[in-house]
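A.B. asks: Below you'll find the structure I mean.
What follows draws every value from the coordinates through simple rules; no lab data is involved. Keep in mind the model is a prediction, meaning the values are calculated, not measured. Note: ideal-geometry Cβ built from the backbone for every residue, glycine included; neighbour counts use all protein chains shown.
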C-alpha cells in the first residue's frame, strides 16, 4: 500500500502546459540558500537536490502554494497556470 | 457603466455561495474559475456541514452529490504502537444528516451549476491575471489584456490568494498562518467500507487524530469514508515543518497509512488520487482587511477556518462568508453605492455571525495547537496510563495518582508544566 511519491503523483490527472511554467525559481538565489526547505515542504516533489544543486520541475505541481511560503529567499515566483491547465482533480 | 454588478473570482464554496446569493436577488453576476469543469482544482479533507448551505439551497441534502452522512465521529491520539480513540456514534447525527463527506470535484461543479441556475454567468477555464484598479478602487478583472468591469469583485481565490496579494489587499502568507494538508483517495468497495466500519449504505465515519508518533511536527490526520473510497490525509503546520527541516510532507501521509491502527482499515484498497492543499490556521490574526472600495474577500482567502487539533472546519465558514458578502452586495446595489463604507456591512454581518465570533472566542487556540506537549508527551502519557490500568502483568496495581506520577517522571515532565498546559487548554479550547 505504501507507494513512492512518483507513483502516487501518477494517479493524479493533469493537463500540463508545456509552453508555460507557472512557477519559476532563480538559480542564483537557490545556490546560496541556507536551507532548501522547499525540498521538504513541497508535497509533489517538484524540488529536489541533485549533486548539491536545486532542481525544479513544475509538471507535477498540484498548485497548493506551499513553496510560495516555504521559500523565504525570494526565489520562487508563483503564478496561476494559464486557463484550465495544470492539475485536474477527479475526486478532490 | 460596469459590465456586471459583481464578478466572483473562484468557484469554490465561498465564491459559488456568494454568486448564488447575489444572482437570486437579481444582480448580474459573473463567476469565473481557473479550472474546467469549475471547482476541479479544489480539494478538502472532505466533511461538509451544511447548515449555511441550506439557507441558499434548501434541498441540498437530496440534490447535492454527497458521499455519506456522518453518523460516527471519532477523535483520538496515535502513538507509535497504540491508538486512543473516542468513538461518538449518535442517532442525533442520523436524524439531522447535516454533516456529510464530499468529494470536491463532484460537489463544486454542482454548486457552480446552481449558481448558473440562479442566473449567474459561469465561465470556467478562466485564469484572472490581475485586478483592475482605478482611483484606488477595484473596478474589474483582467485576463490576457481583456478587461471585464464590475461594481464589486468578490475574491474567493482560496488559500493561495495571488490576486489579493499582488494587488496589495493582503500581505503574503507566512509560516504561522498555514498548515500543509496532504491527501489520498483510496478506492475500496462500498461492501468493504460498510462491513469494515459497521455502516449502512448511506452512513459514514469521520475520524480525526493527533499524531503522537511524529514527535514535534504537531501533525494531525484525518480519515473519512466516501461511497466507494476513503479520503485520508495529514495536516502539518508550516512552522513545525520548517523547524524540523528533515521530513518530506509526502512521507508523513505514508507514515499515517502505515500506523498499526490505520493500515488494516485500508487493506485491499488502491490509491486513486494524490493531492495537497494549504489550510488557514492563523485564526483571527491572519484575517486581512475584508472589504474596500469595490471588493470583498471571502472563504479561505480571508483566513476563515477553525482548527483545535481535533476539529478541522472550513467549508461551513466558506459558505457563510460567501452568503454574507452576497447579501452585502445586494444591499450595496440597492443604495447604488459600492464604496468601502457601503460594503462595510459585510464585516458587520460577519461580526454578528459565528464566523468571526468563533475566531474571536478561539483567538488563543494556537497556543494550544502550537504546544508540542500536546503531540509528544500527552499522547504517550495517556498510553502509559491505559497500559497501567488495562494490562494485567502480574504486578501490584497502582492508584491513578501514582500512575500519573510515574508517567510524568518517565516522560520527564514537571507537574507545574503539566498543570499549566491543562489550565491553558481548559481556558482556550
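A.B. asks: Please determine, in degrees from 0 to 90 and to the nearest 10, the orientation of helix B:377-390 with respect to the longest principal axis defined by the Cα atoms of chain B, where the helix direction is its Cα long axis.
C.D. replies: Between helix and principal axis, roughly 40 degrees.
A.B. asks: For chain B, take the longest principal axis of its alpha carbons; what is the angle in degrees between that and the long axis of helix B:13-23, to the nearest 10 within 0 to 90?
C.D. replies: 30
A.B. asks: Just for chain B, what percent of DSSP beta bridges are antiparallel, to the closest 5? Present the calculation step by step, with values, prior to reporting the outcome.
C.D. replies: Working: 54 of 79 bridges.
Counting DSSP beta bridges with both partners in chain B, the antiparallel share is about 70 percent.
A.B. asks: What fraction of the Cα pairs in the protein assembly as shown, stated in percent, has a spacing above 44 angstrom? Spell out each step's value before the answer.
C.D. replies: Values: 19912 of 135460 pairs.
That fraction is 15 percent.
A.B. asks: Run the quick spin-label model on residue A:33 and residue B:387: label points 7 Å from Cα toward the beta carbon, then report their separation in nm to one decimal.
C.D. replies: A separation of 4.0 nm, rounded to one decimal place.
A.B. asks: Okay, helix-only estimate at 222 nm for chain B: each DSSP H run of n ≥ 4 adds -39500 (n - 2.57), divide by all residues, round to 500 deg cm²/dmol; what do you get?
C.D. replies: Taken over chain B, the calculation gives -10000 deg cm²/dmol.
A.B. asks: Still on this model: When every alpha-carbon pair in segment B:262-345 is counted, what percent end up more than 15 Å apart?
C.D. replies: Working: 2345 of 3486 pairs.
Summing the P(r) tail past 15 Å for segment B:262-345 gives 67 percent.
A.B. asks: Take the alpha-carbon positions of segment B:66-125, form their convex hull, and give its projected area averaged over all directions (one quarter of the hull surface) in nm².
C.D. replies: Working: hull surface 27.8 nm².
Computing the convex hull of the Cα atoms and averaging its projections yields 6.9 nm².
A.B. asks: Next up: How big is the antiparallel share of DSSP beta bridges in segment B:1-141, given as a percent to the nearest 5? Each step should come with its number before you reach the end.
C.D. replies: Values: 15 of 23 bridges.
Taking every DSSP beta bridge with both residues in segment B:1-141, the antiparallel ones total about 65 percent.
A.B. asks: A further question follows. Let me know the mean shielding of B:119-127 by other chains, meaning the per-residue number of their Cβ atoms within 10 Å of its Cβ. Show your work: numbers first, answer last.
C.D. replies: Working: counts 0, 0, 0, 0, 1, 2, 4, 2, 9.
Going residue by residue through B:119-127 and averaging, the value is 2.
A.B. asks: Moving to a separate point now. Which of the peptides B:214-220, B:16-22 is most tightly packed, and how do the rest follow, going by the mean number of other Cβ atoms within 10 Å of each residue? Walk me through the intermediate numbers first.
C.D. replies: Details: B:214-220: 22.1, B:16-22: 32.7.
With the highest mean Cβ count within 10 Å placed first, the list reads B:16-22, B:214-220.
A.B. asks: What fraction, in whole percent, of alpha-carbon pairs in segment B:94-187 exceed 20 Å separation?
C.D. replies: Details: 2491 of 4371 pairs.
When all Cα pairs of segment B:94-187 are counted, 57 percent exceed 20 Å.
A.B. asks: What is the packing order of peptides B:28-37, B:92-101, taking the mean over residues of other C-beta atoms within 10 Å and listing the highest first? Intermediate values should be presented prior to the final figure.
C.D. replies: Numbers: B:28-37: 24.9, B:92-101: 16.8.
Averaged packing, sorted descending, gives the order B:28-37, B:92-101.
A.B. asks: For the Cα atoms of chain B, what angle does the longest principal axis make with the long axis of helix B:400-410, in degrees from 0 to 90, nearest 10?
C.D. replies: Orientation of helix B:400-410: about 80 degrees from the principal axis.
A.B. asks: Quick one: which of B:136-144, B:45-53, B:272-280 comes out on top by average Cβ neighbours within 10 Å, and what's the full order, highest first?
C.D. replies: Values: B:136-144: 17.6, B:45-53: 22.9, B:272-280: 24.6.
In decreasing order of mean packing, B:136-144, B:45-53, B:272-280 become B:272-280, B:45-53, B:136-144.
A.B. asks: Taking every DSSP beta bridge with both residues inside the protein assembly as shown, roughly what % is antiparallel (nearest 5)? Don't skip to the end; give the middle numbers.
C.D. replies: Numbers: 62 of 87 bridges.
Counting DSSP beta bridges with both partners in the protein assembly as shown, the antiparallel share is about 70 percent.
A.B. asks: Given the C-alpha centroids of segment A:1-44 and segment B:100-167, what is the distance between them in whole angstrom?
C.D. replies: Centre-to-centre (Cα) distance: 26 Å.
A.B. asks: Take every residue in peptide B:229-237, count the Cβ atoms of other chains within 10 Å of its Cβ, and give the average of those counts.
C.D. replies: Numbers: counts 1, 0, 2, 0, 1, 1, 0, 2, 0.
Partner Cβ neighbours, averaged per residue: 1.
A.B. asks: Taking only DSSP H segments of four or more residues, each worth -39500 (n - 2.57), what value at 222 nm results for chain A once the sum is divided by all its residues, to the nearest 500 deg cm²/dmol?
C.D. replies: Working: 4 runs with 21 residues, N = 92.
Value at 222 nm, helices only, nearest 500: -4500 deg cm²/dmol.
A.B. asks: Quantify how strongly other chains surround peptide A:40-48 by giving the mean number of their Cβ atoms within 10 Å of each of its Cβ atoms.
C.D. replies: Details: counts 10, 11, 5, 18, 6, 3, 0, 0, 0.
The mean count of partner-chain Cβ atoms within 10 Å per residue comes to 6.
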